[in-house]
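A quick write-up on the structure given underneath.
The values are calculated or read from the model by the stated rules, or taken from the named source; none is laboratory data. Nothing here was measured: the structure is a model prediction, and the numbers come from that model. Neighbour counts are summed over all protein chains in view; Cβ atoms, including those assigned to glycine, are modelled from backbone coordinates with ideal geometry.
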Amino acid sequence: MGKDHLECVTRDDIDRYQLFKLRQTVAYVTEKSAFYRELLGRKSITGEDIHTLSDLSLLPFTEPADIAEHPYNFTCVPLGEIERATTFISSGTIGPQKRVFFTEKDLEIMTDFMGVGMRTVAKQGDTVMIMLPGARVNGQSDLLAKGVRKMGGRPIKAEVTLTSEKLLQIIDRSRPTTLFTAVPLMWRITQETRGHGDLSSKGVQKIFITAAYPPQSMIEQIRDIWNCDVHVHYGLTEMGLGVAVDCQAHTGYHYDEADLLVEVVDPVTGEVLGNDQEGELVFTTLNRSAMPLLRYRTHDLSSLSGETCPCGAATLKKIGKVTRRRESIVRLSGGAEIYPSLFDELLFTIPEIIDYQLSLGKKDGKDALSFTIEVIERGERVQQRILRLLAEYPVIRENVTQGGMAPPDVELVNRGALLSMSRAKKMILDERLKGGR
Ligand SMILES: [Zn+2]
């Protein structure tokens with residue numbers, strides 16, 4: 001990511017540039033944003049107090065709830081200069097609604113980044129099929145299409161509401177070399193159309209999937225079935241959609257260090273953690289004009305790698321795999337923590353599974369996991385296989401053996417039954433408090 005123009009740049013150069021941009025950003029938001037003027041004013045911090053990059057930790061955090069509560073207090077430009085305002089819900093169907101604003105210049109930087117990111121997986125003249133929501137002007141899909149045009153590619157925008165069969169027809173007709181979509185949709189298309197012919201013969205060379213916590217088992221199957229490279233993109237709407245992309249090494253995500261400062265902090269104490277220590281990702285934007293963010297807490301847990309990446313990007317830092325979101329963690333009565341990506345990794349090893357939903361309730365005073373699983377075809381064999389796999393899974397096996405958990409319940413549902421849930425971030429629905437304990 002950004003390797004081309006950073007190859008002859010040293011780590012020192014990047015640090016110096018980031019320090020300059022950080023001081024500039026702090027001065028800018030203090031002057032322009034009501035929220036930061038108040039927040040930094042309370043601590044009497046100005047850009048002058050930032051002498052080194054580690055002084056970043058002097059700045060207070062920005063919480064997602066701050067944006068939800070006072071979106072307009074963040075804006076640094078007159079409302080007339082805002083080209084795009086995005087309203088989104090942070091995780092699944094719960095969490096506060098947030099509004100994020102971008103100016104034309106912000107959108108230019110965003111689509112530049114998308115173009116550069118695209119260049120790592122596609123080349124000039126390639127046809128890139130985009131299956132994302134927001135085909136309208138400056139919607140997600142539209143912006144990525146601009147990014148593709150910037151790198152000399154030909155974008156095709158396909159509606160995400162089309163059936164898998166229809167999407168496959170578009171692939172057959174337009175012969176894209178690259179597909180770009182979210183992981184649940186890519187998985188659904190793969191699962192629902194693999195029976196209709198050999199997907200590896202479609203001419204697709206790269207699949208670029210955007211995902212918060214992509215299950216490795218799913219990525220490997222997509223790679224095998226389409227017989228092509230699969231790259232993962234980590235994005236966050238608050239950050240301008242594109243944050244980071246994984247490289248050939250597939251061990252984490254490179255990001256644009258000219259545009260973003262990344263820290264990993266202890267989720268409880270807020271203390272800055274060292275390389276390779278797992279904690280919460282915290283982002284500071286360096287070039288945003290409508291709505292810059294200082295030390296924005298993503299609630300996503302990951303780490304920063306300081307080691308040279310096998311891809312050769314020696315000077316660039318790398319975000320490790322994102323494993324879970326703070327809100328997605330549910331604590332069992334026995335103390336163990338569970339979160340969706342644990343079960344994603346397990347369940348998507350079974351090729352018949354398209355999607356699933358999970359809730360945690362109470363049965364005879366014990367924790368009880370209920371899985372609603374969408375499969376290609378319902379049947380006793382696949383049901384038994386899933387039950388066996390779950391029963392053997394350490395966290396379930398241990399809690400059932402110790403008497404704190406009832407054996408999990410599995411209900412299979414027909415193809416399409418969970419379609420409407422596919423686009424939300426997966427959560428474990430904790431219903432234990434509902435019906436009394
Ligand atoms: Zn790399």
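In segment 300-311, what count of residues is obtained for those that are away from the ligand (no atom under 16 Å from the Cβ) and touching a Ser or Thr at 6+ places or on another chain (Cβ under 8 Å)?
Taking segment 300-311 as the starting set, the residues that turn out to be away from the ligand (no atom under 16 Å from the Cβ) are 300-301.
Then keep just the ones that are touching a Ser or Thr at 6+ places or on another chain (Cβ under 8 Å); that gives 301.
Count: 1.
Does LEU294 count as under 28 Å from MET218 (Cβ atoms), at pLDDT 90 or above, more than 16 Å from the ligand (Cβ to nearest atom) and buried (at least 21 other Cβ atoms within 10 Å of the Cβ)?
no
Taking helices (runs of 4 or more DSSP H) that fall entirely within segment 32-92, which contain at least 3 residues that are more than 27 Å from the chain's Cα centre (by Cα)? Step through it out loud before you land on a result.
Details: elements: 34-42, 64-69, 71-74.
So the answer is 34-42.
Identify, by number, the condition in (1) modelled with pLDDT under 95; (2) away from the ligand (no atom under 16 Å from the Cβ); (3) assigned by TED's automatic domain parsing to the domain that holds SER57 that LEU342 doesn't meet.
Against the list (1) modelled with pLDDT under 95; (2) away from the ligand (no atom under 16 Å from the Cβ); (3) assigned by TED's automatic domain parsing to the domain that holds SER57, LEU342 comes up short only on (3).
I'd like to verify a number: residues in segment 231-270 that are assigned to a loop (DSSP other than H, G, I, E, B), among the small types (Gly, Ala, Ser) and more than 11 Å from the ligand (Cβ to nearest atom), how many?
Count: 3.
Which number in (1) in contact with a Leu (Cβ under 8 Å, 6 or more places away or on another chain); (2) within 16 Å of the ligand (Cβ to nearest atom) marks the one condition that LEU286 misses?
Among (1) in contact with a Leu (Cβ under 8 Å, 6 or more places away or on another chain); (2) within 16 Å of the ligand (Cβ to nearest atom), the lone unmet condition for LEU286 is (2).
Looking at segment 312-337, which of the residues that are in contact (Cβ under 8 Å) with a residue 24 or more places away in the chain, assigned by TED's automatic domain parsing to the domain that holds GLN18 and out of contact with any strand residue (DSSP E or B) (no Cβ under 8 Å at 6 or more places or on another chain) is nearest to the ligand (Cβ to nearest atom)?
Among residues in segment 312-337 that are in contact (Cβ under 8 Å) with a residue 24 or more places away in the chain, assigned by TED's automatic domain parsing to the domain that holds GLN18 and out of contact with any strand residue (DSSP E or B) (no Cβ under 8 Å at 6 or more places or on another chain), the one nearest to the ligand (Cβ to nearest atom) is GLY312.
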